[in-house]
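Below: the structure, in structure tokens.
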Amino acid sequence: MAQARTTAALERFPGARVLCVGDVMLDRFIYGRVGRISPEAPIPVLQVTREETMIGGAGNVARNVAALGARAVLIGVCGDDEAGGQLRHLGDGMEGVDMRLIAAEDRPTTIKQRFIAEAQQLLRADRETVRDIGDEVADHVLAAFDAAMADCDVIVLSDYAKGMLSPAVLPALIARARAAGKPVLCDPKKADFAVYSGASLIKPNLKELQAASPQLAGAEGEEEAIAAAARALIARHDFGAMLVTRSAEGMSLVDGDGGIRHFPARAREIYDVSGAGDTVIATLAVALAAGLDYPDAADLANTAGGIVVGKAGTAVVRADELAHALHEEALRGLGRKHVTRDAARDHVSRWQGRGLKVGFTNGCFDLLHPGHLSLLEAARGACDRLIVAINSDASVRRLKGPDRPVQDEAARAMVLAALEIVDLVVVFDEDTPVSLLEFLRPDVLIKGGDYTLDQVVGAREMRQWGGQVVLAPFRDGFSTTATVRRLRNHEVGEE
């Protein structure tokens, strides 16, 4: 992956607009513990501890789009029933998603109910109809599509074979998108890919590709066989490209010219694969809307898929998690010191639970110099574990001007993570670390002795939870700003 291009694209995610159309459903998760077998039958008894309800299917694609910081318009069909009302209520509470549901009186809302004990799914119960929507509802879908399409950059058709994306509706949606010059991505469920003809990209998993290409059966691990099947379908159905998701084998992208790129799986731990395909196609759509080409967008989607399978339930991936994953590539040799805010809080909880004193200091740390090292050594001496928070590149530009930082946040984090006295490095995007401090709640805040206590940003918040503020001895004579100025003056002198 071209990291510079991809990192720049992440900053454009908030401007991306994705139109998601497809089968919408209600996902219910019932969690509990199993401590005995039922006396009525040889089945486990689930002692329910909590329940979660969320929008699934095409709704999960829209949730992932919004989690990435982009905006989604969601068009779907639900029943005129209680579950449909729940879907509308959930949609009203989803920031970044404009949900436009069409009620159909002749069909129930699709419900998937999962029973889970200790991360193990025991049973899934579905309530649904899979017949195609009627002509009147189809007309409403097409009208809603026409109304929304102009304001969106990329269109995703998410087919769960529940009847909304019927053989009559699908070709009409694709034709209208092509006429408007909009890329249209299809997540297929039908064995005959002819109904998706003309799509810009189609994203089958390996099982779906095998159903569409019977000659592929038995050739699961053969990349050339997969590529040959994809090339034949691309030519037959006028697809622009095909992205084949292959579970533990990663993904394969075949373009319209027959070229192929393989992306190895990035998942470190597979916890739950529910909704992983939704995350992949949502990330792909947002990345394309942000200006990436198919290979870079597919690589980023592969990274997102590796993140989401490490989460429980129908989860989403956030833009900061993707950014962290990109930075982690550079930091991999330094262990796992560079972490997200959520991961840092987990570390703080574990450390404090063991009675360790957690320290926190922050700064830009652009061009690390002896003054920085002096502060870090003093900070480490005031605690058992030291977290260093650094301003993001955008934050440094706001504080220091458009020519700073000299080193980007990945490079600055890498240098700090290489220091033995630093236990964690966290990047924050705000101008001050106050919100991160409140989120982590460390025991000690350490700042340089060139401050007074009343000047320390975050001191008031630290006192609220009984934290301590320590002023470290200040080592004068070192300044990144002065160093940069001298270097630039030297360059001007040479000219």
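Quickly run through region 407-454 and pick out the residues that are within 18 Å of GLU377 (Cα to Cα), assigned to a helix (DSSP H, G or I) and in contact with a His (Cβ under 8 Å, 6 or more places away or on another chain). If the condition is that a residue be within 18 Å of GLU377 (Cα to Cα), assigned to a helix (DSSP H, G or I) and in contact with a His (Cβ under 8 Å, 6 or more places away or on another chain), then ALA413, MET414, ALA417 are the ones that fit.
Only residues that are in contact with a Gly (Cβ under 9 Å, 6 or more places away or on another chain), within 30 Å of ALA285 (Cα to Cα) and either outside any strand (DSSP E or B) or among the polar types (S, T, N, Q) (or both): list them for region 43-58, please. Listed by number, the list holds a single entry, ALA58.
State yes or no: is VAL406 modelled with pLDDT under 90 and assigned by TED's automatic domain parsing to the domain that holds ASP342? It is true that VAL406 is modelled with pLDDT under 90 and assigned by TED's automatic domain parsing to the domain that holds ASP342. Would you check if there is a residue in region 440-453 being under 19 Å from HIS324 (Cα atoms) and not assigned by TED's automatic domain parsing to the domain that holds LEU10? The answer is yes; a qualifying residue exists. Number of residues in region 165-190 that are of a type in the set (A, V, I, L, M, F, W, C) and farther than 18 Å from LEU243 by Cβ: the value is 9.
Results for (1) more than 21 Å from ARG318 (Cα to Cα); (2) small (Gly, Ala, Ser); (3) at pLDDT 95 or above, shown as yes or no for each residue.
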residue	(1), (2), (3)
ALA211	yes, yes, no
GLU223	yes, no, no
ILE226	yes, no, no
GLY259	yes, yes, no
ARG266	no, no, no
THR279	no, no, no
ALA289	no, yes, yes
ALA298	no, yes, no
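Listed conditions (1) surrounded by 23 or more Cβ atoms within 10 Å (Cβ to Cβ); (2) within 21 Å of LEU440 (Cα to Cα) are all met by ASP366, apart from (2).
Inside region 88-199, counting only strands (runs of 3 or more DSSP E) that do not spill past its ends, which hold 1 or more residues that are in contact with a Gly (Cβ under 8 Å, 6 or more places away or on another chain) and in contact (Cβ under 8 Å) with a residue 12 or more places away in the chain?
On the way: elements: 97-104, 110-117, 120-127, 154-158, 184-187.
Result: 97-104, 110-117, 154-158, 184-187.
The values are calculated or read from the model by the stated rules, or taken from the named source; none is laboratory data. Computed from a prediction, not measured in an experiment: that's the story for all the values here. Positions of Cβ are generated from backbone atoms using ideal geometry, with glycine treated the same way; all protein chains shown enter the neighbour counts.
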